[in-house]
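This report concerns only the one structure given below.
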Amino acid sequence: MEKKIIGIIPARGGSKSLPRKNLQILMGVPLIAFTIQSALDSKKIDEVYVSSDDSEILDISKKFGAKIIRRPSQISGDFARDSELLEHAIATELKNISLDSLIIFLRPSHPIRNPNTIDRAISIFQSSEKFHSLRSMKTASEIPFKMWRIDENGVAINVTDNKAIDTTDPCNAPRQLLPATYYQDGYVDIFPISTILNFGNTTGEKVLPFIVDEFSHDIDTFDDLKIINNKLDSEPLPEWLTLPIARI
């Protein structure tokens, strides 16, 4: 079986916080087109697919150069997991490629990506051994060791397992005594097909961190869309940013 590097863009039709999010207009084109273009501009990605249950999203994705996977509605709801759409993609469009083939998972809500950064992440993962996945991350500004949840009895409980760090009583400790933490930012996730099939998720047991230190912003609300628009309107466009053009 052939070993490939496959870009997969998950783009279901439903979105509660920002209706029709994947088709919102950014600089004159649908939001999803930016992620398709970044994947197509990668020098390492062999094929680019959009997985969606929505006919309009699939039609537009084809026009901007992506291959399409029509996802069943039962794995496209609010509580559907990424592993479900990936298992569907593997069983249908990707069934004839090697289990060592890499999936480059690119969420369309994160439109501004440098293709060179994607390629660098791929190279790092390819040269690393014994990792089941790579996940892009940024330094967290908030301290999870000082975070709480409230249970059904109204009692505040630490969110983190404080046994995992050396500092005692971390919720009252100075920031300087606490370890740096990172949040997954959605820039890029990488994993071989075997991780999905063996673990039933996109992470496995050993995750390689890929720290992103460039501007990027995930879109979940209209305000997020305004932030991206203002950024692109107020500054010169980076040389690597190729504005998407429909291929019709």
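Go through 124, 143, 165, 196 for me and flag whichever is closer than 30 Å to residue 30 by Cβ and surrounded by 14 or more Cβ atoms within 10 Å (Cβ to Cβ).
On the way: 124 fails: closer than 30 Å to residue 30 by Cβ; 143 fails: closer than 30 Å to residue 30 by Cβ; 165 fails: closer than 30 Å to residue 30 by Cβ.
Just a single option satisfies the conditions, and that option is 196.
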Among (1) assigned to a loop (DSSP other than H, G, I, E, B); (2) within 25 Å of residue 126 (Cα to Cα); (3) among the charged types (D, E, K, R), the one test that residue 12 misses: (2)
Candidates 95, 44, 4 - the one that is out of contact with any Pro (no Cβ under 7 Å at 6 or more places or on another chain) and farther than 18 Å from residue 189 by Cα: 95
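Residues of region 216-248 being aliphatic (A, V, I, L, M) and in a helix (DSSP H, G or I), which ones? Working first, answer last.
Let us first name the residues in region 216-248 that are aliphatic (A, V, I, L, M), namely 219, 225, 227-228, 232, 237, 241, 243, 245-246, 248.
The answer is 225, 227, 228, 232.
So which of 179, 174, 244 is over 26 Å from residue 36 (Cβ atoms), of a type outside the set (D, E, K, R) and surrounded by 11 or more Cβ atoms within 10 Å (Cβ to Cβ)? Walk me through it before giving the result.
Values: 174 fails: surrounded by 11 or more Cβ atoms within 10 Å (Cβ to Cβ); 244 fails: over 26 Å from residue 36 (Cβ atoms).
Among 179, 174, 244, only 179 is over 26 Å from residue 36 (Cβ atoms), of a type outside the set (D, E, K, R) and surrounded by 11 or more Cβ atoms within 10 Å (Cβ to Cβ).
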The listed residue being over 14 Å from the mean Cα position of the chain (by Cα) and polar (S, T, N, Q), out of 83, 76, 133: 76
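Within region 23-112, which strands (runs of 3 or more DSSP E) (wholly inside it) include 3 or more residues that are crowded, with 21+ Cβ neighbours inside 10 Å and assigned by TED's automatic domain parsing to the domain that holds residue 210? Even if it seems obvious, please write down each step before you answer.
Details: elements: 47-52, 67-70, 102-105.
Output list reads 47-52, 102-105.
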Could you grab me the full set of residues in region 115-161 that are assigned to a loop (DSSP other than H, G, I, E, B), of a type outside the set (Ser, Thr, Tyr) and either closer than 14 Å to residue 211 by Cα or without any contact (Cβ under 8 Å) to a residue 40 or more places away in the chain (or both)? 129, 140, 142, 143, 147, 151, 152, 153, 154, 155, 159, 161
Restricting to region 179-215, name every residue that is assigned to a loop (DSSP other than H, G, I, E, B) and touching a helix residue (DSSP H, G or I) at 6+ places or on another chain (Cβ under 9 Å). 179, 181, 200, 201, 202, 203, 204, 205, 212, 214, 215
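The values are calculated or read from the model by the stated rules, or taken from the named source; none is laboratory data. Not measured: the values here are computed from a predicted model. Here Cβ is always computed from backbone atoms with ideal geometry, including for glycine, and neighbour counts include all displayed protein chains.
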